[in-house]
Amino acid sequence: MINRTQAPAFRQIEDIELIHARSVVLDNGVKTYVINGGEQELVRIEFIFSNVSWDVKKPLQAYVTNSMLNDGTSEFNAAEIADKIDYFGAFLQTEYNYDQSTVTLFTLNKHVGTTLPIVKSILSDSIFPQSELETLITNQKQKLSVNLEKNDFVSRRVFNKALFGNTLYGYHSDASNYDKLQRDDILEYFKKAYQPKNCTIIISGKVTEDILKNLNDQFGNNWNNDISYSENIFNFDHKTPTDNYIEKSDAIQSAIRVGGLAVNRNHPDFPGLQVVNTILGGYFGSRLMANIREDKGFTYGIGSAVVSLKNAGYLFIATEVGAEVCGAAMIEIKKEIDTLKHEAATSDELNLVRNYMLGSMLGSLENALSHADKFKNIHFFSMGYEYYKNYIEIVRTITPQQVQELANKYLDFSHFDKVIVGKK
């Protein structure tokens, strides 16, 4: 009989097996990666384009181009595109982030041959109708107006500007940027960015040779525009920190964001810094949560994160607290950072964090699609699968002393940019 009064014994995860991507090159040179797994007759095909040719005078080019890809081609309007995709039970989405723009197709295997031509039309023949552009401008200005009333949204904008200045990572658009949008500028960017030599295709799921043949027929042939562009390369230096206070006299809650430049995934310290971050504020059992939520009751939630971008890495702490306790919350944040720097974590706490981090990684690998996500994390940083072996080994073996050393190296409250939106 099982004694249910005793917790089951646990064993630390020693290794995690990943489905390795297989490299395929289409006839026109487009690099394609296949993550084959699962029994369901379903695939996800991602067309990933680097954001390029950043122009501070046209800050919304990449974002708007990606947002309007489904709004019409020379043959189909937006409604017809949506109807065709829906008819085959497929799903098409676009996604934009700082470094990349993505078009993703989810489809049943049996409909790949009929859905891929629709995607090909979008990626080679989008026309960005003026009427759709005007609708987008109106909607986005209204959305921006609403968001600017939210303290956490404003704090994120101000923080990014403090860290990254007038670059793609730090630039925050206002309504005038939308008013200046021109269809010709969007078409110009589309031709530069959405072309074979700037495209990586990642296909995951139950991938057959017939599907790869279909992919090559559509995207390995007759897709050959070759317009020059420049890579987005930004350099950031540690600078004098800034204190930013945006007062809102009627605020019930104040948004706090604190942090600074760190390292990205390419740096050998990155896995260890993730351990430090998890202890500080990276999960529900973190020190910041235990202190500022559970003990003090200042907030419903507080967290920290280490973010890896192509050209930079940074660490931040973010929360919203009652306006009357904002100053006290800042004191407690500094206290937790200083404690982590001056006192080694206990073995029990570190073991709990190890189990959480490795268990989270293992739990995230539920199908071929999630294995593809892990591949993207390393591929676009020009890294191999040894990164994950190294990551697991560091999480398993890092010592309290090493955690303390990394905390002293990267956590300096006096050199962090600080943002408060609301009332101090």
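The values are calculated or read from the model by the stated rules, or taken from the named source; none is laboratory data. Everything numeric here is computed off the predicted structure, so don't read it as measured data. Every residue, glycine as well, gets a Cβ built from its backbone with ideal geometry; the counts of neighbours run over all protein chains shown. SASA here: full protein model, heavy atoms, side chains in, ligands and nucleic acids out. Shrake-Rupley method; radii C 1.70, N 1.55, O 1.52, S 1.80 Å.
Using a Förster distance of 35 Å, how high is the FRET efficiency between residue 139 and residue 300, based on the Cβ-Cβ distance and rounded to 0.05? It would help to have the intermediate numbers written out before the result.
Working: r = 30 Å, r/R0 = 0.85.
Taking R0 as 35 Å, the efficiency between residue 139 and residue 300 is 0.70.
Note on the chain: with charges restricted to the Cβ of Lys and Arg (+1) and Asp and Glu (-1), its dipole about the Cα centre is near 600 debye. Each pair of Cα atoms in segment 306-424 enters the Kirkwood radius, and Stokes-Einstein at 37 °C and 0.692 mPa s then converts it into a translational diffusion coefficient of 191 µm²/s. Counting only Cβ charges, +1 for Lys and Arg and -1 for Asp and Glu, the dipole size of segment 236-339 around its Cα centre is about 340 debye. Between segment 317-351 and segment 100-152, the alpha-carbon centres lie 40 Å apart.
Remind me, what semi-axes does segment 172-265 give for its equivalent ellipsoid, largest first in whole Å, using sqrt of 5 times each Cα gyration tensor eigenvalue? Please list the in-between numbers first.
Details: eigenvalues 348, 93, 61 Å².
With the √(5λ) rule applied to segment 172-265, the semi-axes are 42, 22, 17 Å.
Taking 0.36 nm per residue of sequence separation and removing the Cα-Cα distance, the residue 360/residue 148 pair yields an extension gain of 72.9 nm. The simple spin-label model puts a point 7 Å past each Cα toward its Cβ; for residue 131 and residue 237 those points are separated by 5.3 nm. In plain terms, the chain from residue 22 to residue 393 could stretch by 131.1 nm, reckoned as 0.36 nm per residue minus the Cα-Cα distance. Restricting the calculation to Cα atoms, segment 27-140 yields a radius of gyration followed by a Dmax of 15.3, 49 Å.
Students often get this wrong: which residues of segment 52-96 have the backbone nitrogen under 19 Å from the point 7 angstrom along Cα-to-C-beta of residue 110? Flagged as within label range: 84-91.
If the only charges are +1 at each Lys and Arg Cβ and -1 at each Asp and Glu Cβ, what is the size of the charge dipole of segment 18-123 around the Cα centre, to the nearest 20 debye?
Values: 8 positive and 12 negative charges, 58 e Å.
So the magnitude is around 280 debye.
Measure up 57/192; 334/376; 296/418 against 23 Å on the Cα-Cα distance and list the ones that go over. Where the Cα-Cα span goes over 23 Å, the pairs concerned are 334/376. Within the straight-line cut-off of under 17 Å between alpha carbons, the aspartates and glutamates reachable from residue 161 are 55, 99, 152, 174, 237, 243, 417, sequence neighbours fewer than 8 places apart in one chain being disregarded.
Please sort 19-31, 173-185 by packing, taking for each peptide the average over its residues of neighbouring beta carbons within 10 angstrom, highest first.
Working: 19-31: 15.4, 173-185: 13.8.
Packing proxy ranking, top to bottom: 19-31, 173-185.
Using a probe of 1.4 Å, the accessible surface attributed to residue 56 totals some 60 Å² when neighbouring protein chains are kept in position. Given the pairs 150/310; 150/335; 58/141, which are separated by over 19 angstrom at their Cα positions? Over 19 Å Cα-Cα: 150/310; 150/335. Mark the label point 7 Å from the Cα of residue 331 along Cα→Cβ and return the residues of segment 292-321 whose backbone N is within less than 15 Å of it. The answer is 292, 296-298, whose backbone nitrogens lie closer than 15 Å to the label point. Taken along the Cα-to-beta-carbon direction at a fixed 7 Å, the label points for residue 57 and residue 166 span 1.3 nm. Calculated mean residue ellipticity, 222 nm, the chain: -12000 deg cm²/dmol, from DSSP H runs (n ≥ 4) at -39500 (n - 2.57) each, averaged per residue and rounded to 500.
How large a share of the accessible area of segment 42-131, in percent, is made up of carbon and sulfur atoms when the probe is 1.4 Å and the other protein chains stay in place? After summing per-atom areas, the C and S share lands at 51 percent. Between the listed residues 204, 91, 108, the Cα displaced farthest toward the positive end of the dipole of the chain, a dipole computed from Cβ unit charges relative to the Cα centre, is found at 204.
Could you give the length gained on full extension between residue 31 and residue 380, defined as 0.36 nm per residue of separation minus the Cα-Cα distance, in nm? Intermediate results must be reported in sequence, preceding the final value.
Details: separation 349, 0.36 × 349 = 125.64 nm, distance 1.24 nm.
Difference between extended and current length: 124.4 nm.
The spacing between segment 163-224 and segment 241-308, judged by their C-alpha centroids, is 32 Å.
Note on the chain: Rg/Rh from C-alpha atoms, Kirkwood Rh, equals 0.99.
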